[in-house]
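Below is one structure, written out as structure tokens, with a few remarks after it.
The values are calculated or read from the model by the stated rules, or taken from the named source; none is laboratory data. What you see is a predicted model; the values in this text were computed from it and never measured. Neighbour counts are summed over all protein chains in view; Cβ atoms, including those assigned to glycine, are modelled from backbone coordinates with ideal geometry. Surface accessibility is based on the protein's heavy atoms, side chains included, excluding ligands, DNA and RNA. Shrake-Rupley method; radii C 1.70, N 1.55, O 1.52, S 1.80 Å.
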Amino acid sequence: MPNPQVTGGGRRQTELTRARILEAARQQLGRAPESSLGDIAEAAGVVRRTVYDHFAGRSALVEGLVTDAAEALRRALTGAPDPGPEAIDAMAGFVLALWPVGDRYRTLLRLAPQDLGEERVNEILGPARDTARAIITRGQQQGVFHTSVPPEPLSRALERLILALLECVNAGTWSDDGSGSATAVLIALGVDGDLAAARVRGLDRPELVCAR
């Protein structure tokens, strides 16, 4: 009969190794979407055989990343404080809520096309995109966001802006805890810079439950 302590310890070690591989894959694929399993194994500090022990292949590894990212995004959206009905506060709160999981969001969009089809991306990012579009629509109706661009293309443009800002943080060319990005998004939507900064400062920050 196996020793429960040994069994439990082995299971814990297996979970830690799997998590380390996923984290290494997230970082490696975020930098270089075409990275091989060998590249990911090296980044994780394990041999390629160990990666195969946990994931049947690249597609299984990518699906692990997708599952992780989808759960992190879901928790970010559902765990954010309610900013109230005003679109300026709602958009600022939305960006602040997503910022802790920005790397996961970024990795999903940078994966090679053969790894993750557009339909799967839309399935995962759909709720976040729907939220952004709804806030933009509300802001345009309230007269606080410019109306020269419709909500759908404007939300996609802002998505790319956030991703570009994340890239700058990861490259070490800018430092931000999400406040600067939330302010930048509001300014891009037509909000006065001083007002945007003040509204971001006045918001409750979401707990970083999704940062891991």
Practice problem: Quickly run through region 182-195 and pick out the residues that are under 24 Å from Tyr105 (Cα atoms), open to solvent by less than 70 Å² (accessible area, probe 1.4 Å) and either modelled with pLDDT under 95 or of a type outside the set (Ser, Thr, Tyr) (or both). | Solution: Ala182, Ala184, Val185, Leu186, Ala188, Leu189
Practice problem: For region 1-111, please list each of the helices (runs of 4 or more DSSP H) lying entirely inside it that holds at least 1 residues being out of contact with any Lys or Arg (no Cβ under 6 Å at 6 or more places or on another chain) and modelled with pLDDT of 85 or more. | Solution: 4-31, 37-44, 48-54, 58-79, 87-98
Practice problem: Return yes when Gly178 is surrounded by 14 or more Cβ atoms within 10 Å (Cβ to Cβ) and among the small types (Gly, Ala, Ser) and no when it is not. | Solution: yes
Practice problem: Please go through region 82-101 and pick out each residue that is under 10 Å from Arg138 (Cα atoms) and open to solvent by 20 Å² or more (accessible area, probe 1.4 Å). | Solution: Pro85, Glu86
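If you go through region 122-135 one residue at a time, do you hit one that is of a type in the set (S, T, N, Q), open to solvent by 20 Å² or more (accessible area, probe 1.4 Å) and at pLDDT 95 or above?
Within region 122-135, not a single residue is of a type in the set (S, T, N, Q), open to solvent by 20 Å² or more (accessible area, probe 1.4 Å) and at pLDDT 95 or above.
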